[in-house]
Amino acid sequence: VRVVLALSLLINLWQYLGTPYATTGDVLSRWLLPQDEEVQGHLRLLSEVPSDSHGTDTLGHNNLLGVAPTASPEVAEEESGHESATRHHSGEDEKDHHEHHVHNHTAMIFLFGTLVIGTAVLHMTTIVPKLQDTVIWFVLGMVGSMLMEGLNLRYHLGMISISYDMWMHIHPHLLLFTLLPPLIAGDAMTIDTSVASRVSYQCLYLAGPGVLVQALIVALFLQWFMKWDFWLGLTTGSILCATDPVAVVALLKELGASPVLTVQIQGESLLNDGTAIVMFLVAYRSLKGEEFGFDQYLRFLIHTAMMAWLLGMFNGYFFFTWIRIANNRFAHASSMIQAMLSLCACYFAFVLAEGIFGISGVLATVASSMVLAMHMWHHVVNRESMEVVWHTVETLGNILIFFLAGSLTGKIMLRTDAADFARLLVLYFFLLVLRAAFIFMSIPLMTLLSPDRQP
């Protein structure tokens, strides 16, 4: 059998390469590194075919990532110079598109390559515990993107180049709808509810008025330092002032820090997303020229935030009832069914709120997950398997998010002026000082908000 398989492989390689004297390097180079014209043809297809909001291009192909990556600068210049002529040769264009058709599964190369690299880094952290996995994922993505862009490798690596380009232009909503719900729900469902009830008022204070005050101060600072419009500064401040301490919470748990401090940081990060999203939407719409009165602000807050919270609670109780019904310790599939229902709960809450009703999917997911955290664990058949499933899903999402964020950062860094790096450093240190000052001045109020009279 081995001889037959080896002969079959050699015959196929001989037919593919067209010569029996090709070396192993020729085989790899022909498969992994196609000719530059072929790669640029793929990129030309992705750049020329516009996609609508549903991710379907004009030729009827389904674009998995909902985007169209850009071609090389030479190809882009040639397209812009002959744009009008291209419109009159639709038949030739369609023939060229079909000749250089890019399949949707090409995106899987970057996806699973990232997951393999991230898993290897995670394995290294078990050997060298001082390494922070999230930082390494981000740095590796940034360095890889800088090599791809700086050395112009993105036009010379065949399908790897195309897969990389597809992910660099992924549609933001696709990324949010895919990765955000399990990351939010994973933090919310594993939070210590007994400690969270004691520090709930402190978390609400930091996530509500805390984010609002800090965002306003950042907006005023950017208006003075960068000469920006106030609404543009507030749009930026709403993004920068919403903490997301993924690495910090993991580090606090590893070091055995106080559960109260860990839950304070974790609870604030869960709740301030809703505040930041509402503030971002209001500031962004005002930046575009829309006018809001006080009644409109109040109506927008009730519609976007409060309705999302109520919808999330309803979703959480619905899936909690289902999980409780599936509590059968004599059925082998019960633990799997409960794990699948918990995953469906977070995705259903986010999609239902964000995609159908147009309200905050983040708050709906947080509310749904908090309901499950308070009531679900007593009815879970196998708590350990449930925690392993959620820890795996969170890790996969964090690997992809941090690696992709690093890749996008590395791509932008090559096009950023040195003066902008200096401004970013100034803004970074300003945010650190602002955060420290706000926390320090809020200690008396946070002490009053604590039932134990502890900050």
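The values are calculated or read from the model by the stated rules, or taken from the named source; none is laboratory data. Here the structure is a predicted model, which is why all the values come from computation and not from measurement. Note that each Cβ is placed from the backbone with ideal geometry, even for glycine, and that neighbours are counted across all protein chains shown. Surface accessibility is based on the protein's heavy atoms, side chains included, excluding ligands, DNA and RNA. Shrake-Rupley method; radii C 1.70, N 1.55, O 1.52, S 1.80 Å.
Looking at segment 383-400, which of the residues that are at pLDDT 90 or above and closer than 23 Å to residue 147 by Cα is nearest to the chain's Cα centre (by Cα)?
400
Based on what the data block shows, is residue 204 surrounded by fewer than 18 Cβ atoms within 10 Å (Cβ to Cβ) and among the aliphatic types (A, V, I, L, M)?
Numbers: surrounded by fewer than 18 Cβ atoms within 10 Å (Cβ to Cβ): yes; among the aliphatic types (A, V, I, L, M): yes.
Yes.
Given (1) crowded, with 17+ Cβ neighbours inside 10 Å; (2) part of a helix (DSSP H, G or I), identify the lone condition not met by residue 351.
Result: residue 351 fails condition (1) only.
Out of 404, 432, report the one residue that is among the hydrophobic types (A, V, I, L, M, F, W, C), assigned to a helix (DSSP H, G or I) and open to solvent by 50 Å² or more (accessible area, probe 1.4 Å).
432
Conditions first: (1) assigned to a helix (DSSP H, G or I); (2) over 21 Å from residue 301 (Cβ atoms); (3) modelled with pLDDT of 85 or more. Residue 194 passes all but one, so which condition is the exception?
Only one criterion is unmet by residue 194, namely (3).
Mind listing just one residue for me: the one in segment 271-301 that is open to solvent by less than 60 Å² (accessible area, probe 1.4 Å) and of a type in the set (Phe, Trp, Tyr) and, of those, farthest from residue 312 (Cα to Cα)?
That would be 292.
Could you say whether any residue in segment 367-387 is surrounded by fewer than 19 Cβ atoms within 10 Å (Cβ to Cβ), within 28 Å of residue 137 (Cβ to Cβ), in contact (Cβ under 8 Å) with a residue 40 or more places away in the chain and not small (Gly, Ala, Ser)?
Yes: one or more hits.
Inside segment 292-319, can you point out the residues that are without any contact (Cβ under 8 Å) to a residue 40 or more places away in the chain and not aliphatic (A, V, I, L, M)?
Across segment 292-319, the qualifying residues are 292, 293, 294, 295, 296, 297, 299, 300, 314, 318.
Only residues that are hydroxyl-bearing (Ser, Thr, Tyr) and either open to solvent by less than 10 Å² (accessible area, probe 1.4 Å) or in contact with a His (Cβ under 7 Å, 6 or more places away or on another chain) (or both): list them for segment 165-195, please.
Across segment 165-195, there are no qualifying residues.
From the list 437, 364, pick out the single residue that is open to solvent by less than 50 Å² (accessible area, probe 1.4 Å), aliphatic (A, V, I, L, M), in contact with a helix residue (DSSP H, G or I) (Cβ under 8 Å, 6 or more places away or on another chain) and over 30 Å from residue 153 (Cα atoms). Before you say what the answer is, go through the steps one by one.
Values: 437 fails: in contact with a helix residue (DSSP H, G or I) (Cβ under 8 Å, 6 or more places away or on another chain).
It is 364.
Please tell me if residue 167 is in a helix (DSSP H, G or I), under 16 Å from the mean Cα position of the chain (by Cα) and under 30 Å from residue 352 (Cβ atoms).
It is true that residue 167 is in a helix (DSSP H, G or I), under 16 Å from the mean Cα position of the chain (by Cα) and under 30 Å from residue 352 (Cβ atoms).
Would it be correct to say that residue 359 is surrounded by 20 or more Cβ atoms within 10 Å (Cβ to Cβ), among the β-branched types (Val, Ile, Thr) and not in a helix (DSSP H, G or I)?
yes
Filter segment 446-455 for residues that are surrounded by 13 or more Cβ atoms within 10 Å (Cβ to Cβ) and of a type in the set (A, V, I, L, M); which is modelled with the lowest pLDDT?
Here the answer is 449.
Out of segment 252-261, which residues are in contact (Cβ under 8 Å) with a residue 60 or more places away in the chain and open to solvent by less than 60 Å² (accessible area, probe 1.4 Å)?
Within segment 252-261, just 260 meets the criteria.
Any chance segment 288-296 includes a residue that's farther than 30 Å from residue 201 by Cβ, within 27 Å of the chain's Cα centre (by Cα) and at pLDDT below 90?
Yes.
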